[in-house]
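Trainee: There's a structure below that I have some questions on.
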Amino acid sequence: MALPSVVVLPLLIVVAAGVYYIYNEVIHFMSQSIVRNKVVVITDAVSGLGTECAHLFHKGGARLILCGNTWDKLESLYDQLTNDSDPSQTFAPKLVIVDFSDMDSMEDVVSEVVDCYGCVDVLISNSSMKLKAPVQSVSLEMDRNIMDINYFGPSTLAKGIIPTMISRRSGHIVLVNSIQGRLAVPFRSSYAASKHAVQAFFDCLRAEVKEYGIEVSTISHTFINASEPPPEEGPAPKTNAVAAFIRSQWVHGVSPSVLANEIMQTVNRKRKEVVLAHPIPRVALYLRSLFPSFLFAVLAAGAKDSVLNEQMQ
């Protein structure tokens, strides 16, 4: 007996949703099994994203080396991981103090990281420092500090770890960058410059180490949104319709859990480049290549809108 046509479509939707769910669960399980016993370094592990990555990779059985610039927070994260896990299925993480603003310490940091297990299978470079200010108000000292944390720190750590990967002819380096490593917006000059620089470094590195079996991946995401934005109080400020639409799209960031899962998938599938962004930033990337003059005009108009300036991340 044939099913009525009004039932077929909903049934197909339910079946498709079920297949998609099972597929995602299988991929998630396979991702975790792939990192089992692997030595995984996570920088800025005490941040929201770093903590999510630490929990995800620890649950997958990775041998973690957690890096951060605050010992108390690292110990707190260590306690969370070890208290909530089965010691027969997981490894106790190793902790390393890393402060990218202190470049003089990087040689010792590299040695300490490598000495933990004698090798590194996966390096997740997650550290970042943000700054929002007009160009003329940013001091040279601040420029240098941002470049140390966002560019020189990650590149120096990668350089120090690469020889161990080359000797074993395997390894994976993941740069958690920003959409602003590919697209600059007003009032983010120093931040965008550092992100462009580190993007270029790891793009070059990808080609140079391919012959040694080393993978290099970059993940460009919009800002990390750990919580829902608070509701606006009082009457909405006046703004033009275009700016209001851009703002409404731009402020939807990516959650730490979603980004952490994307990092796990990137390690699993060895994807070279990932863009995790909503439609407006994606369209802007295409406009930057195809119609740059139009994009520059839109950004200049947006810079004049105080509401847009406050909401752009």
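The values are calculated or read from the model by the stated rules, or taken from the named source; none is laboratory data. Predicted, not measured: the structure shown is a model, and the values here were computed from it. Cβ sites come from the backbone with ideal geometry, for glycine too, and all protein chains shown count toward neighbours. With ligands, DNA and RNA removed, areas are computed over all heavy atoms of the protein, side chains included. Shrake-Rupley method; radii C 1.70, N 1.55, O 1.52, S 1.80 Å.
Trainee: Which residues, counting only those in the stretch 77-111, are over 23 Å from Ser194 (Cβ atoms), among the charged types (D, E, K, R) and surrounded by fewer than 17 Cβ atoms within 10 Å (Cβ to Cβ)?
Mentor: Hits for the stretch 77-111 are Asp79, Asp84, Asp86, Asp108.
Trainee: Could you please find all residues in the stretch 165-206 being polar (S, T, N, Q) and either buried (at least 19 other Cβ atoms within 10 Å of the Cβ) or under 23 Å from Ser255 (Cα atoms) (or both)?
Mentor: Within the stretch 165-206, Asn177, Ser178, Gln180, Ser189, Ser190, Ser194, Gln199 meet the criteria.
Trainee: Considering Val198, Val209, which residue is in contact with a Pro (Cβ under 7 Å, 6 or more places away or on another chain), of a type outside the set (Asp, Glu) and in a helix (DSSP H, G or I)?
Mentor: Within the list Val198, Val209, the selection yields Val198.
Trainee: Condition first: over 23 Å from the mean Cα position of the chain (by Cα) and either polar (S, T, N, Q) or crowded, with 18+ Cβ neighbours inside 10 Å (or both). Can you find one or more residues in the stretch 63-76 that meet it?
Mentor: No.
Trainee: Turning to a different aspect of this structure: For the subset of the stretch 269-282 comprising residues that are within 12 Å of His221 (Cβ to Cβ) and assigned to a helix (DSSP H, G or I), which member is most open to solvent (accessible area, probe 1.4 Å)?
Mentor: For the stretch 269-282, the residue satisfying everything is Arg282.
A quick yes/no check of all residues on (1) open to solvent by less than 30 Å² (accessible area, probe 1.4 Å); (2) in a strand (DSSP E or B); (3) within 14 Å of Ile124 (Cβ to Cβ); (4) in contact with an Asp or Glu (Cβ under 8 Å, 6 or more places away or on another chain):
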position	(1), (2), (3), (4)
Leu259	yes, no, yes, yes
Met264	yes, no, yes, no
Val267	yes, no, yes, no
Val298	no, no, no, no
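Trainee: Here is a list of conditions, (1) open to solvent by 30 Å² or more (accessible area, probe 1.4 Å); (2) at pLDDT below 80, and Ala243 meets all of them except one; can you say which number that is?
Mentor: It fails just one condition, (1).
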